[in-house]
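Asks: This structure is in structure tokens; I'll ask about it shortly.
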Amino acid sequence: MADEIQKLKKAATLKMRDESRRKAADEIMPESRFGAPEPDPAEVWKDRYLRLHADVENTKKRLARSSAQEVEAQKKALLLDMLPVADGLDLALMHTPDQKDNRGILQGIEMVRDILNKFFADHDVKAIDAWGKPFDPRLHEAIGVMSHPKFPPNTVVKVEQKGYLYGDKLLRPAQVVVTPM
């Protein structure tokens with residue numbers, strides 16, 4: 001009786017293996033319902049490989065684009081954070097009296113400002129030259145109006161805060177006072 005049970009178990013195991021192999025083969029090459037010849041298994045696997053390879057390549061490209069955009073956004077954020085430092089140094093240079101005892105302080109501030117200007121140049125950041133130019137709403141933010149006999153209407157007569165370009169994109173608009181229209 002034990003031998004018969006062993007034989008039945010072995011037969012059941014073999015039957016299950018055959019069924020799982022047939023099922024796997026059907027997934028790879030489903031039987032044709034309309035009598036068309038079944039595709040060559042090598043062609044099926046080659047097609048799967050090519051599709052998966054294309055998916056991997058597309059994923060690589062998408063991740064590279066995403067990474068580059070993230071790096072660019074982080075760089076822009078860093079540059080924006082540096083602009084108040086430039087503003088502070090410019091204000092310090094404008095409001096420090098030019099006396100003999102302040103000369104060392106002025107030279108130190110100028111040196112730091114030069115280092116910051118080199119940093120901006122290395123990262124393609126340029127100050128917007130607004131004074132005396134026609135008002136451009138893409139580059140300037142008008143914060144006031146002031147008459148001036150030497151300038152035509154709608155011209156920048158005073159720059160309250162420098163604006164900056166990052167490459168050809170606006171990083172921060174210049175805050176300006178313009179002549180009335």
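Asks: Let me check I've understood the local charge: for Gln107, count other residues with C-beta under 13 angstrom from its C-beta, Lys and Arg +1, Asp and Glu -1. What total comes out? Before the final figure, lay out the partial values.
Replies: On the way: positive: Lys100, Arg103, Arg113; negative: Asp98, Asp101, Glu110, Asp114.
Once positives and negatives cancel, what remains is -1.
Asks: Using 20 Å as the Cα-Cα cut-off, could you pick out the over-long pairs in Lys60/Lys169; Lys76/Lys133; Lys76/Lys169? Walk me through the numbers on the way to the answer.
Replies: Numbers: Lys60/Lys169 28 Å; Lys76/Lys133 26 Å; Lys76/Lys169 10 Å.
In this structure, Lys60/Lys169; Lys76/Lys133 lie more than 20 Å apart at Cα.
Asks: In nanometres, what is the gap between the two model label sites at Ala121 and Ala73, each 7 Å from Cα along Cα-to-Cβ?
Replies: 3.2
Asks: For Leu170, put the label point 7 Å out on the Cα→Cβ axis and report which residues of the range 124-149 keep their amide N under 20 Å from it.
Replies: Of the residues in the range 124-149, 124-146 have backbone N under 20 Å from the label point off Leu170.
Asks: In nm, to one decimal, how far is the modelled label at Lys60 from the one at Asp136, with both set 7 Å along Cα→Cβ?
Replies: 4.1
Asks: Taking the Cα-to-Cβ direction at Thr13 and at Met181 and moving 7 Å from each Cα, how far apart do the two end points lie in nm?
Replies: Rounded to a tenth, the inter-label distance reads 9.2 nm.
Asks: Could you please report the charge total around Leu63, scoring K, R as +1 and D, E as -1 over all other residues with beta-carbon less than 13 angstrom from its beta-carbon?
Replies: +1
Each reported figure results from applying straightforward, stated rules to the coordinates on display, with no laboratory input. This structure is a prediction, so every number in the text was calculated from the model and none was measured. Because the Cβ atoms are built from the backbone with ideal geometry, glycine has one as well, and the counts that use them run over all protein chains shown.
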